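*Asks:* Take a look at this one; I'll ask things after.
The values are calculated or read from the model by the stated rules, or taken from the named source; none is laboratory data. Because the structure is predicted, anything quoted here is derived from the model rather than measured. Backbone-built Cβ (ideal geometry, glycine too); neighbour counts: all protein chains shown. When the accessible area is computed, the model is the full protein with side chains, heavy atoms only, and any ligands, DNA or RNA have been set aside. Shrake-Rupley method; radii C 1.70, N 1.55, O 1.52, S 1.80 Å.
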Amino acid sequence: MSSFERKTQRIKILSAGDEAVGKSCLIKRHCEGKFYSGYNSTIGVDYGVKPHMLDGQVKMNIDYWDLGGMDAFRELRSEVRICVEGLDGRHGMLATWDPPT
């Protein structure tokens, strides 16, 4: 393993919000640089990674855990949160909502 690989840091971000508020679109836009206007609902969990370089020396990956917002996945969301937070802890949340009109 090279010294570059040993310096890789990971930051874990969980998404939170109701269905169809744009969580997946925001994550896809940030990770892939693309915008999907007709994106389908997330079934369970999706995952995205965005690599960054800090000060030209430290490689950092932001891991996005995109949790489906439908009520049918409420139990699965709880299990994923327990799993992700239990590994190294979660570092942040992406809260997304659609304000009432």
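*Asks:* Quick check: is even one residue across segment 17-30 exposed (fewer than 11 other Cβ atoms within 10 Å of the Cβ) and without any contact (Cβ under 8 Å) to a residue 60 or more places away in the chain? Working first, answer last.
*Replies:* Applying the first criterion (exposed (fewer than 11 other Cβ atoms within 10 Å of the Cβ)) to segment 17-30 yields none.
So far as segment 17-30 goes, no, none of its residues is exposed (fewer than 11 other Cβ atoms within 10 Å of the Cβ) and without any contact (Cβ under 8 Å) to a residue 60 or more places away in the chain.
*Asks:* Could you check segment 16-65 and list, in sequence order, the residues that are under 25 Å from P99 (Cα atoms) and of a type in the set (D, E)?
*Replies:* Across segment 16-65, the qualifying residues are D18, E19, D46.
*Asks:* Do the conditions hold for E85, that is, is it modelled with pLDDT under 80 and over 27 Å from P99 (Cα atoms)? Before you say what the answer is, go through the steps one by one.
*Replies:* Details: modelled with pLDDT under 80: yes; over 27 Å from P99 (Cα atoms): yes.
Yes; evaluated as a whole, the condition is true for this residue.
*Asks:* Could you list all residues from segment 35-77 that are farther than 15 Å from G22 by Cα, among the hydrophobic types (A, V, I, L, M, F, W, C) and at pLDDT below 85?
*Replies:* Passing the criteria: L54, V58, A72, F73, L76.
*Asks:* Return the residues of segment 35-60 that are in contact with a His (Cβ under 7 Å, 6 or more places away or on another chain) and more than 12 Å from Q9 (Cβ to Cβ); say none if nothing qualifies.
*Replies:* Taking segment 35-60 and keeping what is in contact with a His (Cβ under 7 Å, 6 or more places away or on another chain), we get 50, 60.
K50 - this is the single residue of segment 35-60 that is in contact with a His (Cβ under 7 Å, 6 or more places away or on another chain) and more than 12 Å from Q9 (Cβ to Cβ).
*Asks:* Would you check which residues across segment 45-60 are loosely packed, with under 14 Cβ neighbours inside 10 Å and within 14 Å of the chain's Cα centre (by Cα) and list them? Break it down stepwise before answering.
*Replies:* Taking segment 45-60 and keeping what is loosely packed, with under 14 Cβ neighbours inside 10 Å, we get 47, 49, 51-58.
Scanning segment 45-60 gives Y47, V49, P51.
*Asks:* Do we have V80 as open to solvent by less than 60 Å² (accessible area, probe 1.4 Å) and at pLDDT below 80 here? Show your work before the answer.
*Replies:* On the way: open to solvent by less than 60 Å² (accessible area, probe 1.4 Å): yes; at pLDDT below 80: yes.
In short, yes.
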